[in-house]
Amino acid sequence: MAQDVLNALTLGSLYLLFALGMSLAWGTIGILNFAHGSILMFSAFSAYLVVREVALSMPVLLLIGAAVGAVLSLLVQVLAFEPIQRRAKDHRQAELQILVGGIGIAIIPLAIAQHITSSVPFGYSGGTFRVDTYDLGFVRISNVQIVTLVAAFGLAAAIGWWLKAARPGLALRGIGVDPEVSSLMGVDRRRLALLTMAVAGALAGLAGVLLTYYLGSIAPETGDAFLLKAFAAIILGGVGSIAGVVLGAVILAGIETFVLVTTSGTWAPAIAFGVIFLMLLVRPNGLLGRQEVRRT
Amino acid sequence: MLQIDDLHVRYATAEAVRGVSASATPGRITLVLGANGAGKSSTLRAAAGLVTPHAGRVTLEGRDVTGLAPHKIVRHGMVLVPEGRRVFAPLSVEENLVLGGYTATREKSAEVLAQVYEMFPILGQRRAGAAGLLSGGEQQMLAFGRALMSSPRVIMLDEPSMGLAPTMVESVLGAVRGMADAGIAVLLVEQNAEMGLEIADEVVAMARGEVVFSGPAEQARSNASVLLAFLGEAALVE
Amino acid sequence: MNSGSRIGRRKALGSAGALLLAVGLAACSSPSDSSSGSGSGGSGGGGEGLPDTVTLMAINGLTGPVAFAGTNAQKGYDLAVEQVEADGLLGDTTIEIEYKDSAASAQEAASFASQAITDQKYTAILGPSASAQSTAISPLVDQAGIPTVYVQSGSEGVVTGDYTFRLTPPAASYFDIAGDYVEAQGVKTASVLFNSGNPTLVQLGQDSVPALAEDHGFEVVSTAGVEATQQDFTTPTSQIAGDDPDAAFLMVQGPQYPVAITQLRQAGYDGVLVGMSAAGAGNLSSAGEDAAGFVWPTNFTADQEGESSQAFVDAYREKYGEDPNNYAAEAYDAVWFIARGLAEADSADRTALQEGLAAVAADGFSGAQGDITFDGNDARVPGVLVQWDGSREVPLSTDGS
Amino acid sequence: MNQWYLSHEILIQGTFISLLLALSIQVPLRAGVFSFAGIGSYAIGAYTAAILTIREQVAPVVAIGAGVLIAAAAGYLLALLVARLSGLYLGMATIAFSLFLGVLATNGGDLTGGATGLFGALSTLTTAHVITITVLVLVALAASERGSFGRRVDAVREDPQLAVSMGIDVNRVRRRVFVISGALGACAGGMNTLLRTTVSPETVGFHLVVTALTMIIVGGALSWAGAAIGAVIFTWLPSVLQFVGEWQLLVYGIVVAIAAVYVPNGLLGLLQEGWRRLRRRGRRLPAGGASVAAAPVAEDPEEKLAALGGPTAEARS
C-alpha cells in the first residue's frame, strides 16, 4: 500500500514536471504548446548525444537539458507563435493556429531523433550517475526517484511562489487575465512571453533528462505519450493555477495507479480521456482554477 | 502636455478617426464629447498605443510618442483607463494596484500605494479581496487608483461613468476633478455630456471621426443646447 | 582466405538450392511440371522460362516508428538478392527490388500494393512489417493474385488466402521452447505483464503463457496490462515485486523492454525474467547489466546453431560489418523463398509463382532462421532461446542448462 | 490513363475519404465550433460497418448508413453534453471523447476484435460509389455555404452574441453541425473500412486528428474547397515525397508548421487573394467578414472594428 502511494506520487511528479511548463504558458500568455512533448524529448536526446561522447554527471546533464529546452522553446515562440499572434485576426483563430503549428513543429525534432536513433530507446548509461535503490522496510525508493520527487514538487513550489510574490510573476498573471490592460500598466508583454516560454522550455528539458534517468531510457515517441496526460492533469487542476497542476497530476496518477492495482489495466489509457471529458463537462475551470477562465 | 495633432486611425475597411486634434494640460480636464462611433475611443486607443495611427502625431511634453508600444508610452508618463474599467478580476485589489505601479521602483510604488489608499479608503478596506467582487463604482475607483500607481502626468479616461448608478457617477466625476486638481492633465471621454460639462475645462466635440467643436468649457456650456443639438443630429446621421 | 571461404559457401548454397529444386520437382504435380523440367536442367544455370530481370516491390516502413525493422529488413533483402544471383539458382535472371516507404500509413502501403498489382512488371510483393499495413494489403493481393511475402506482421488477418505468405513465424508458435527453461529453473509461480495495445503481445500474455504454465507445472498468479506507449512501469513492477513470483513474463514492445526490466529490478524483483522476440535487436543495450539473465524465445539470433543460419550470419557480417538481427534474417529468408518459388515455377508469371511458392512451402527449406517449415502459407521455425548476458544476446539450449 | 487509375486507385479512394473526414472537422469549425468529434464518429462508422458486414453480411449501404445514423445521434447527444464549452476546451473535450472510443474498441472483446481489430469485411463498395457519395456531400455543403443557412453559420462563428441578437438560435446551429459532423465522420470511417476490409484500434487514434486538422489548415478552413485542396495534398504528399527518402517525416513537419504559421487562410486563401488581385476588386472580404458587416449592427460599429483590428495592433507591444 505504502509502495503504491509512493509509486502514484512518483508518476504524479513525472506528469507534473511535464505539465508545469505547459500550464504556465497556457494559463498566462495563452499558448497551449503542442510541441512541448517534442521539446522534452529533444532536450533529453541532446543530453544523450553529449553523454555518449563524454561521461558527465547528473547536474551537468540537467543543465544541458534545461538549456536546450529553453532555446528550443524560444525558437518556437519567435519563429512560430509570435508571427501567429501578430497576424491572427482574432484570439480564437490564433489559438487554433498555435495548436496546429505546435503539432506541425513537434514533428520536426521527432523526425530528427527518429532518424538518428531508428526509434531505439536511448539512456544515459554513458554518464557517471548510477541508480541505487534503498529498502526502507515499508517502501523501496531509488535515488533517482527522490531526485524526481524533489525536483517536481520543488520546482512547482518555486514557480508558484514566483507567480504569487515576484512582480514579473504578478505581471504574468495580469497578462493571463487581460493582456491589453497589462500592457497599459507598462508590462512588456513580448519580453515576459519570451521569459515564460524559456522557463517552460527549461522545465521541459529538466523533465526530459529526469525522465530518462528515472525510466532508464526513453524513445523519441515518449514525449508525445505524455502530452495528453499532462493536458488531463492541467484540466483536472484548473488552467492558470500551479497548485491546481500539482493536484491534477497527483490525482490523475493516483487514479491510474489505483486502476492498475485493482484491475488488469486494459482500461488505464481511458482514464486520462475520461478525466478530461468529465472535468470539462462538470467543472471546466478545474478543481482550483480561477473562475474567469479564458473561454473564447 | 499631451498634444494630439491631425490623428488618423484606419481599420480594415473604415477610417474611424479623421484628422482629430486635441490636447490636455496639467490641472485641467479636456472633455471629449460625441455620439457612439464618433471616434472618441479610437482616438484614445491610438494615443495610448493600442492601435497604430495611420497618420498624425501624438506628443507628450514635446516628445513624439506616435506609434510607440503601450508599455513604453506608460513610461513616458501617460496612462489610459480603458472603457469598462477592466480590473484584473481574479487578482486581489492590492495586486491590481501593485501591477499598476509596474513601471515604478518598489519604494516609489509603496509610497504611492499608501496615497491611493488614502484617496480611496474603500480600496484599503478591500485590499486582500478579489477585484472582481467589488461593485461597479468601486471597480472604477480601483481602475483610477491602478492608473495613478504609475504616477502619470497625463491620464486618459474612457467613459468612467458608464453603467454606474447616478450617485456613483457623481463621485466618480468628483474623483476625476480631484485628479486634475492634483496637477494631472486629464483627457476625459464621456457620453454623459451634461455631467461632463460640469467639471470640464476644455471641450472637444466629435462626430463621424472629425472634430466639430473645440474650445473652452464655458463657451460650450453657454451654447450647450446648440452643441447638444448638433451632436444629436450627428448621432442621427451616424 | 576470406574469398576462398565465400566461394565454398556459395557452392554449398548452390547445391542446397539445386537439391531443394529437385525435391520440389519430385513433390510437384502441378501443371508447371513440363516447364520445371527445363528448369531442372540448369541446377546452376537457371530456366528459360524466366525473364532477365524479375522485379519485386518491397513495401516497408523505412521511416517513422517502425523504421528499425524496415531498414534492417532492407539489408536482409539486399544480401539475399546478391546471393541468389551468385548462386545461379535462377540462371542469368536477376532479382531487382524496388523499395517503397510506407512509413506508418496503411493507406500508403495499400496504395503501393495496388501500384504493384496494376504494373505487370512486378512479379511479387515483399510486404510491410506492420500488421495494420499488412491487413490492408492482403485482401487486395489475394483478389488480384499477386504473391505477397510478409515479414513480421504477426496479427491475424494477414495470411488470408493463397497468395499471402509470411516468413516470420508467430511468436506464439515457438513460445513453448521457453517452457523447459522455466521448468529447469524450478519456477512454480509466475506473473505476466503485457502490452494491451498490441495483438501479438495480448495473445502471448493472455493465451501462450497460461498454456505454458499448464504444460510445465507452474501457476500464473497475476496478469497486468500496460498501455501501448506506456513508459512508467512503477506500479505493475512493484506489484510483481510484491507478489514475488518465481518468474515474470514481460510481453511488451521493444522500446519498453529496457524500461520495464530496469524498473522491475529497481523494485527489488530478482526472479527469472522471460520476454519475447521484440526484446532482441539491440533493444536491451540501454538497460545493460540490469537486464543480464533476461531470457526470451526468438526465431533468430546471430549466434544460433545450424549451417544455413551461420552461412547467413557470416555473409551478413562480411557485407555490413555488424551482426544481423531477426528483421534482417526474416527478410533474407523471404527473398530466398521467392527465389526458390521462381526456380520452381520457372516463370515470372504471378499465378505460376504462387504455385511455385506453395510447393516450396509444402517442403520447407533451410534459411537464416534455421529449418523453416510452413503451416499453410505461414512459416514455422524451431525457435531459439536466447539470454542477455549484460552486453549481448547469446543462445541457450532450450533445456536451460 | 486506365493503368494510372488502377495503380492509384487506393490514393484516389483515400483522397475522397480523407476529404469527408476533414469536412467532419471543418463543418463545425465554420460555425466557430472547435470540435474533433468527427474523429470519434469515424471510429463509430468504421466499427459499425465492419461488425455489420462481417456478422450480418448486410449491403454496404446499410452498413455505412447504420454507422452514419448512430454517429449522428451520438453527435446530437454530445452537442447537448458539451453545450457550455467552446474554444480549445471544446476541442480537448471532443478529442478526449474520440480517443476514449479507441480504448473502448480495444476493450470491446469479440465484438470489436480487441487489439487485433476486425478484418475480412468484404463488400461490394467501389471507388465509383465513394466518389458519388462524396460529390453529393460536397454539393450539399457548397449549397449550405451560400444562402441564409451559410450566413447564419458565418454569423455564429464571427460573433455568437451578435448572432443571438440577430435572432439566430446559436445552440440549434451548434447541435446541427455536431450531427452533420458525426454523419460525415461515420461515412468516411465506414467507407474506409469496407474498402480496406479491416479496422483496428490503432487506425482510429490521435493521428487522425492531426491528419484532418492539417488538411483543413493547409487547405483553408472556411470552405469545402479548402478541405478538398488539403485532402489532395496530404493524401498524395507521401508518394510525392518518396524522393526525399528518410527525411520524409521532417519535410512533412516543416510543411505543416509553415502553413499553420505563415498561411493562416490556407492555400485556398492564397488562391482567393491572388484571384482578387488579378481582378483588382480588393473590396470583398473572405467569407464571413462581408456578411457580418452587412448585418444590421445594433452596437457601436467602431468598437466592433476595434475589436477585430485589436490583436494586430496589440501584438506589436
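The values are calculated or read from the model by the stated rules, or taken from the named source; none is laboratory data. Treat the numbers as computed from the prediction; the structure is a model and nothing was measured. All Cβ positions, even for glycine, are placed from backbone atoms using ideal geometry, and neighbour counts span all protein chains on display. Side chains included, ligands, DNA and RNA excluded: accessible areas come from the protein's heavy atoms. Shrake-Rupley method; radii C 1.70, N 1.55, O 1.52, S 1.80 Å.
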HN-Hα couplings for region D:64-74 via Karplus (6.51, -1.76, 1.60; θ = phi - 60°), in whole Hz with x for Gly/Pro, come out as 6, x, 4, x, 4, 5, 4, 5, 5, 5, 4
Relative contact order of region A:107-183 (C-alpha contacts under 8 Å, at least 6 apart) in percent is 11 percent
Evaluate peptide C:207-219: per residue, the Cβ atoms of other protein chains within 10 Å of its Cβ; return the mean as an integer. 0
Which shape class applies to region D:169-236: rounded if a/c is under 1.5, otherwise prolate when a/b exceeds b/c and oblate if not, where a ≥ b ≥ c are the square roots of the Cα gyration tensor eigenvalues? oblate
If you count, for each residue, the other Cβ atoms within 10 Å and average over each peptide, how do D:182-193, C:187-198, C:366-377 line up from highest to lowest? D:182-193, C:187-198, C:366-377
Divide by every residue of chain A the summed helix terms, -39500 (n - 2.57) for each DSSP H run of at least 4, and state the resulting mean residue ellipticity at 222 nm, rounded to the nearest 500 deg cm²/dmol. -25000 deg cm²/dmol
Peptide A:255-268, shielding by other chains (average Cβ, 10 Å cutoff): 6
Summed buried accessible area for D+A [probe radius 1.4 Å, Å², rounded to 100]: 4700 Å²
What is the set of long-range amide H partners of B:ALA205 at a cut-off below 5 Å, with H atoms built 1.01 Å from backbone N? B:LEU33, B:VAL212, B:PHE213, B:SER214
When only alpha-carbon atoms count, how far does region A:24-78 stretch along each of its three principal axes, as whole angstroms with the largest first? 40, 17, 16
Which percent of the accessible heavy-atom area of chain B goes to carbon and sulfur, probe 1.4 angstrom? 51 percent
Once amide H atoms are placed 1.01 Å from N in the peptide plane, what residues at a sequence separation of 5 or more from B:LEU80, or on another chain, have their amide H within under 5 Å of its amide H? B:MET156
Can you tell me which of C:250-256, D:42-48, C:96-102 comes out highest on packing, and rank the rest after it, using the mean Cβ neighbours within 10 Å? D:42-48, C:250-256, C:96-102
Show me, for region D:217-233, the HN-Hα J-couplings you get by feeding each phi into the Karplus relation (A = 6.51, B = -1.76, C = 1.60, θ = phi - 60°), rounded to Hz, glycine and proline as x. 5, 6, x, x, 8, 9, 8, 4, 5, x, 4, 5, 4, x, 4, 4, 4
Please build a GNM for chain D, connecting alpha carbons under 10 Å apart, and tell me which residue among D:VAL170, D:VAL135, D:VAL156 fluctuates the most. D:VAL135
For the pair B:ASP64 and D:ALA83, the simple spin-label estimate (label points 7 Å beyond Cα toward Cβ) gives in nm 5.7 nm
Using a Gaussian network model of chain D whose springs link C-alpha atoms within less than 10 Å, name the residue from D:THR126, D:THR198, D:THR235 with the highest mean-square fluctuation. D:THR126
Cα extents of the protein assembly as shown along the three principal axes, largest first, in whole Å? 123, 73, 56
For the interface of chains D and B, what total accessible area is buried with a 1.4 Å probe, rounded to the nearest 100 Å²? 1200 Å²
Looking at the square roots a ≥ b ≥ c of the eigenvalues of the Cα gyration tensor of region C:226-320, which shape do they give, rounded for a/c under 1.5, prolate if a/b is larger than b/c, or oblate? prolate
Averaged over its residues, how many other protein chain Cβ atoms are within 10 Å of peptide D:189-195's Cβ atoms? 1
Heavy-atom accessible area per residue, chain A, 1.4 Å probe: how many Å²? 31 Å²
Quick one: what Rg and Dmax do you get for chain D from the alpha carbons, in Å? 20.4, 64
Pairs of Cα atoms farther than 21 Å apart, region D:153-276, %: 55 percent
Accessible surface, per residue, of region B:19-138 when the full set of protein chains is kept, probe 1.4 Å, Å²: 37 Å²
In deg cm²/dmol, rounded to the nearest 500, the helical mean residue ellipticity at 222 nm of chain D, built from -39500 (n - 2.57) for every DSSP H run of length 4 or more, is -24000 deg cm²/dmol
Only Cα pairs under 8 Å and at least 6 apart count here; give the relative contact order of region B:1-73 as a rounded whole percent. 36 percent
Which entries of B:LYS40/B:LYS108; C:LYS121/C:LYS319; B:LYS72/B:LYS108; A:LYS164/B:LYS40; A:LYS229/C:LYS100 show an alpha-carbon separation above 25 angstrom in the structure shown? B:LYS40/B:LYS108; C:LYS121/C:LYS319; A:LYS164/B:LYS40; A:LYS229/C:LYS100
Could you work out the mean projected area of the convex hull around the alpha carbons of chain B, in square nanometres to one decimal? 12.3 nm²
Taking only DSSP H segments of four or more residues, each worth -39500 (n - 2.57), what value at 222 nm results for chain C once the sum is divided by all its residues, to the nearest 500 deg cm²/dmol? -14000 deg cm²/dmol
If you plug each phi of region D:91-99 into the Karplus form 6.51 cos²θ - 1.76 cosθ + 1.60 with θ = phi - 60°, what whole-Hz ³J(HN,Hα) values come out, in order, with x for Gly and Pro? x, 6, 4, 6, 5, 4, 4, 5, 5
Going by amide H atoms built from the backbone, whose H comes under 5 Å of the H on C:ALA58, apart from near neighbours? C:GLU98, C:TYR99, C:LYS100, C:LEU126
If a/c stays under 1.5 just call it rounded; otherwise compare a/b with b/c (prolate if a/b is bigger, oblate if not). Do that for region A:67-204, with a ≥ b ≥ c from the square roots of the Cα gyration tensor eigenvalues. oblate
Taking the Cβ of D:PHE243 as the centre, find all other residues whose Cβ is under 15 Å away and add up their charges (Lys, Arg: +1; Asp, Glu: -1). -3
Mind checking how much accessible area C and A bury in total, 1.4 Å probe, in Å² rounded to 100? 2500 Å²
